[in-house]
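*Asks:* Input: one structure, supplied below.
The values are calculated or read from the model by the stated rules, or taken from the named source; none is laboratory data. Source: prediction; values computed, not measured. Positions of Cβ are backbone-derived with ideal geometry, glycine not excepted, and every protein chain shown enters the neighbour counts.
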Amino acid sequence: MEKSKNILDTVKEFFSGKDKTGKIQFLAILVLIGILLVMFANSLINPSSNTEDAYSKESFASSDETVSGDEVASQIESILGEIKGVGKVKVLITYKNSGTNVYAKDVSRTTDAEEQKSQDGKTVIKKTEDLTSSLVFTGQKQPIIEEKTSAEVKGVLVVAEGANDPTVCAQILHAVRVLTGVESHKIAICPYK
């Protein structure tokens, strides 16, 4: 309690003195500190909706998938050839797109506030904000992938020796649907010549 009286007495002495310019400078500094605190608190509580998080996402089309379309087709050919009655088989898969990768991005934001006095005596605070972003890389200079979407299959064509048999054809259709996730109307099964 005694300490707060000492501070209060010191403030009273300061304002009761004769030096007016020192008081004005002191008040101007206090006002500036108050404005800066309000701006800082506002940016912490309500960050700008136009800015991004510390790590944002950026999508790019990708052609280097872990398993290429040709590899998928050859894997399906191999497994369909093992089904009883199928015989020799060829598979062709068409794609709508090549899939996308979402890469990790480091976004940094710097904010600067500058106080300027106009000729008519008004104080204007000029606030500038800079956003910089860059991809985040691993130790092997590869960008970090946050999310990866597979290529979307447009259709599948299966040519098989045993496709004349309805039971074999149904087994091929079911196997291709399970392996690719493609609807039945996007799968064509034809007999081998």
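*Asks:* Report, by residue number, each residue of region 142-193 that is exposed (fewer than 12 other Cβ atoms within 10 Å of the Cβ), outside any helix (DSSP H, G or I) and either among the polar types (S, T, N, Q) or touching a residue at least 60 places away in the same chain (Cβ under 8 Å) (or both).
*Replies:* Q142, E147
*Asks:* Taking the conditions exactly as written (among the hydroxyl-bearing types (S, T, Y) and either modelled with pLDDT of 85 or more or touching a helix residue (DSSP H, G or I) at 6+ places or on another chain (Cβ under 6 Å) (or both)), does T167 satisfy them or not?
*Replies:* Details: among the hydroxyl-bearing types (S, T, Y): yes; either modelled with pLDDT of 85 or more or touching a helix residue (DSSP H, G or I) at 6+ places or on another chain (Cβ under 6 Å) (or both): yes.
Yes: the conditions hold for T167.
*Asks:* From A151, A188, grab the single residue that is out of contact with any helix residue (DSSP H, G or I) (no Cβ under 6 Å at 6 or more places or on another chain) and at pLDDT below 90.
*Replies:* Working: A188 fails: at pLDDT below 90.
None of the other options fit; the residue is A151.
Here is a yes/no grid of residues against (1) under 26 Å from the mean Cα position of the chain (by Cα); (2) of a type in the set (D, E):
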position	(1), (2)
K88	no, no
V91	no, no
T111	yes, no
E115	no, yes
S134	yes, no
Q140	yes, no
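*Asks:* With the condition kept exactly as written, say whether any residue in region 58-71 is farther than 30 Å from M39 by Cβ, surrounded by 10 or more Cβ atoms within 10 Å (Cβ to Cβ) and at pLDDT 85 or above.
*Replies:* Yes, region 58-71 contains a residue that is farther than 30 Å from M39 by Cβ, surrounded by 10 or more Cβ atoms within 10 Å (Cβ to Cβ) and at pLDDT 85 or above.
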